[in-house]
Amino acid sequence: MTKLLSTIFLLTFLTVSAYSQQPGDAGRPIRGKVIEQTTGAPLPGTNITIKGTSQGTTSDQKGEFSIRANPGQVLVFSFISYEAQEVTVTANTRTLDIALKEDQKQLSEVVVTGALGIKRAAREFGGGAQVVSNESLNQGKTVNPLVGLTSKVAGLRINMYDSKVDPQIQITMRGSRSLNRAKNAPIYVVDGIPVPEITRLNPNDIESITVLKGANAAALYGSEGVNGALMITTKSGSRGRGTVKFSNTTTFSRVFLLPPAQTKFGQGVNGVYDPTQAESWGPAFDGTMKDFGPVLPSGSRHQILYAAPSRDNRLDLFQTGVNLQNDVSFSGGDEKNTYFFSVQDVAIKGIIPEDQSHRTGARFNGTRKFGKLNTSYNVNYVYFKKNTTPDGPWITAYSLPANFDFNSMKDWQNPASYANPNYFFTDLQKNPYHQIDNTRDVSEQQTINGKVELDYQVTPWFNAMYRIGMFSTSTQTRSTTGKFEAAGRRNVNGSVSDGSNNFQRLNGDLILNFNKQFGKFSTRLILGQNFRSDYTKTATVSASNLLLPDLFNPGTRIGELTGSSSITQYRSLAGYGEFTGGYNNYLFLTLTGRNEWVSVLSKENRSYFYPGVSASFVFNEAIDALKNSRFLSFGKVFASWNKTGNVTLEPYSLNNPYSQINGFPFGNLVGFTPGTKYPNPNIQPEFVTSYEAGVQLGLLNNRLNVEGSYVFSDSKGQIFNATTSRATGYSSAVVNAGRLTNNIVELSVNGDVIRNSALKWNVGFNFTHINNEVKELYEGLQSFNIFRQSYANLGQQYPSLQVSDYRRDPQGRVIINPTTGEPLIAADPVHLGTMVPPYQMGVSTALQFKGFSVGAQFDWRMGGWLYSEIVPRMYTAGTDPRTAEFDRQPFIFPNSVIQNADGSFTPNTTVLSKGDKAFWTKQGEVQINTAAKSDYFKLRELSISYSLPATLLSKQKVVREASLGFVGTNLFIIRHKDNQYGDPEYLYNSTDGYLSFRQVPPYRTYGFNVNLTF
């Protein structure tokens, strides 16, 4: 890896040197000043370049500049959000005063990256699209670009799994279209090449992300585009003086939002103290010293203070996490060439001790013109390594007594210590630090991807392009558990499991692009052909009973090795076309069509076609009365219809696999049995029909921008496994059944509250309401279990939280057993609501005053439900606060009633519930007790920075720009009053609204960053 990075760096250095050594006349000195046309304020940082060369400079804090140029050369003045100016140097040119005009055509002239990576005017786009800039994406200095998109795009929902050093991310656009939870993510397209994931992509390398919402916008990408598309454009060099940028971001993470624990009672059973009991069913804390654990080898017994701690001792298990990012980039170019080269190094120390990850990556992007042939090429290499402990330490921590001293447990390797597993206070739980040190998961991954693109301008109205891209990952994993010999449950068998996963994707497109103008009519025709080939090879080898404590060699074992290997391939071919006709640059109609052939379906069904149509109308330019309106700067209405096929099958799902078993049909004979799932050869694609209509407005000279959309999608013929009669020889079958619909309302508003030469304050928000419903299931089925408490219920929002509950009277009061005081459990579960918040809103604010900048991003989600599987275990362990609410004494169950013989109900005032371990363990099994509303409002990102004035930097010639700042994430959160379990944003096993005991708790981060430009 080091050699590769060194080679790339050397090539880049030589390229930079070549550009910097271009010969030529130095020219005469020209001085001047650049100001803002309306206010007359200076524009520091304006780029001034000599057209056709790499020579250039920038204006200082006063807007003043100095450059050498010859008569006949053209000076180009450019500044972000302002219209560029070109001035030709004459023999008399000595000084220049330049006034740049702010670009007021933001909406009417904006260009978006559409399907196939082709740039097009937003005015002709007939569907929802939003562009997220590099500045907005990196406001929170995130390592994963998907995290940087959270709450910034209407209709886009992003969830984290937990707070590990490499957390998984789930992303969904405009609701779920498939019952297959793993098949609702949008397609990722990097510089025109579809890739399977972008978690290793350096966010600082991204120029912008265009979010194409829904199947309408991504119709040309086939099945992968049915859930929308993230069109990622990485940075490229530009003409002019070469630029070197360096940035450092250092942040610190602190855990928070642990589920609360009771601090009244300590370890024991039935109110009696037990020094070797892990559960907290002992007496109340009394401040005395008590024996703790078994007798030590010295004959002594460790003692512990039996008192409620002044703080949450569980916090001692977590350390302060540290995230250290360093980035450097080089860019530049001239009329024929551009280059961009970057290197990033990210080191993360997790909040769980010893958890860490390290990522090093490099990217090179280049372009070159050869007459009519334009070429572009890039390569990106990333090396990633992580070393983590599985979920054991945290699972143990939430069930230990409140006075448990975590810090004293680190010395577990000392054979005489009470932290040693032989003398740990209980054999019902493990020492968390022994779990951390002894059980490790190590993963090393190398990712390389790149592309080559050739674009030939055959005629002024016709160009042909061929683009080929490759994405490859190689992952090596090792999971180890150290052998520890001890008696009974304290014994730990050593194990090792080695794995490898190699994935390769090759993707190619031939695109013919025709553009022709006929008077007021414009036409564009795109014809294309695509191929895609995926190859995956996995292998694992495991040994579960190692002989030696510190030797993780599968050869030193007792028993047989276990393992597996697999090779899968997926291939698809497609032909597609798009025609766009425009009239007078304000009315546009676009027709799309694609035919696809996929290898995972049977021959009879693997070819399928899907069409689409969209239209847009820029009415303020078509209606004379609105053309010069001072109120309406831009107005567009748009609509679209699309039908897209979606194949959610994995390779070989329609084959009937046979597995080998011993003793079948009898004796020592080896036999094979078929699979229990019927591989239905008649499976067809799921088809998603989508409708969208919306309006886009620019008001008050584009000071206020508004976009609203209504979307409806109908997904029919869902592919999923249905239960069948075993009389058929199968227990399940792959079927086309089920129907999901989405009714979606989106609204985005963005505007400048204050905009003048000294101060700019921008505020924006995006709002989404999604009604995702199950309309049909298989053969009259009313309910289909997705995962544990998550269901697809006919006629209800998807996914639904369905839980067990108490029997209740018509007023909702709990019915109890009049003899035992036990609450009675209802025979049928209850439906609480959707596990996905149907209401989502993101609020952003950005303030710029002189050199200071403040940016904040807020995230709000309402209307959903969550379930926590942590709490039932805490009920059993006696650590949940509710188990101590009545001081472990018999009590009258709140809001309870007794059912009379005539069916009426009487409020309970005399019958007591026991309040002991058996009682509370049973209450933990009643799932309504661990469900809550998942509403929240959080400050997701906060960024405060200061840019050093140019007058200060002008005293030296090395640093052109410098800034430093503060950054924080998750600095506060407001949750529903019933949610004491964790961060409702987290999910588990691709299930929204599910908090698992296997998740590492959330954290908030804060730190600083430094940016330098040379």
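Assorted remarks:
- Rounded to the nearest 20 debye, the dipole magnitude of the chain is 2260 debye, with +1 charges on Lys and Arg beta carbons, -1 on Asp and Glu beta carbons, and the Cα centre as origin.
- Loop trypsin sites (Lys or Arg not before Pro), segment 825-917 (other Cβ atoms within 10 Å of the site Cβ: 13 or fewer; DSSP): Lys850
- Kirkwood-based Rg to Rh ratio, segment 803-954, C-alpha trace: 1.28
- Cα centroid of segment 197-217 to Cα centroid of segment 955-1014, whole Å: 20 Å
- Mean shadow area of the chain over all directions, Cα convex hull, nm²: 50.3 nm²
- Loop-located chymotrypsin sites (Phe, Trp or Tyr not before Pro) across segment 579-671 with a Cβ neighbour count of 11 or fewer within 10 Å are Phe631, Phe666, with loop assigned by DSSP.
- Alpha-carbon centroid distance for the pair segment 708-769 / segment 554-620, whole angstrom: 19 Å
- Backbone N under 14 Å from the Thr921 label point (7 Å along Cα→Cβ), restricted to segment 869-899: 872-879
- Computed helical MRE - 222 nm, the chain, DSSP H runs ≥ 4 contributing -39500 (n - 2.57), nearest 500: -1500 deg cm²/dmol
- Across the chain, the relative contact order, built from alpha-carbon pairs under 8 Å that are at least six residues apart, equals 10 percent.
- Along the chain, longest interval not containing exposed GluC sites (Glu not before Pro), exposed being DSSP loop plus at most 11 other Cβ atoms within 10 Å: 605-1014
- When segment 542-641 is described by a simple charge dipole with +1 on each Lys and Arg Cβ and -1 on each Asp and Glu Cβ, the residue from Gly635, Gly575, Asn595 located farthest towards its positive end is Gly635.
- Of the DSSP H helices in the chain, those whose Cα atoms cover at least 15 Å axially and whose Kyte score averages -0.5 or more: 2-20
- Global geometry of segment 117-204, whether rounded, prolate or oblate, following the gyration tensor of its Cα atoms and the 1.5 cut on a/c: oblate
- Euclidean distance between Cα centres, segment 298-328 to segment 459-535, Å: 42 Å
- Neighbour-limited loop hits for trypsin sites (Lys or Arg not before Pro), segment 500-542 (at most 15 other Cβ within 10 Å; DSSP other than H, G, I, E, B): Lys520
- Each of Leu654, Asn407, Thr426 was placed along the dipole of the chain (beta-carbon charges, centred on the mean Cα), and the one lying farthest toward the positive end is Leu654.
- Residue (of Gln857, Thr49, Pro167) at the positive-pole extreme of the chain, dipole from beta-carbon charges: Thr49
Throughout, read-outs are computed from the coordinates displayed, never taken from laboratory work. All values reported here derive from a predicted model rather than from experimental measurement. Don't worry about glycine lacking a Cβ; one is built from the backbone with ideal geometry, like all the others, and counts go over all protein chains shown.
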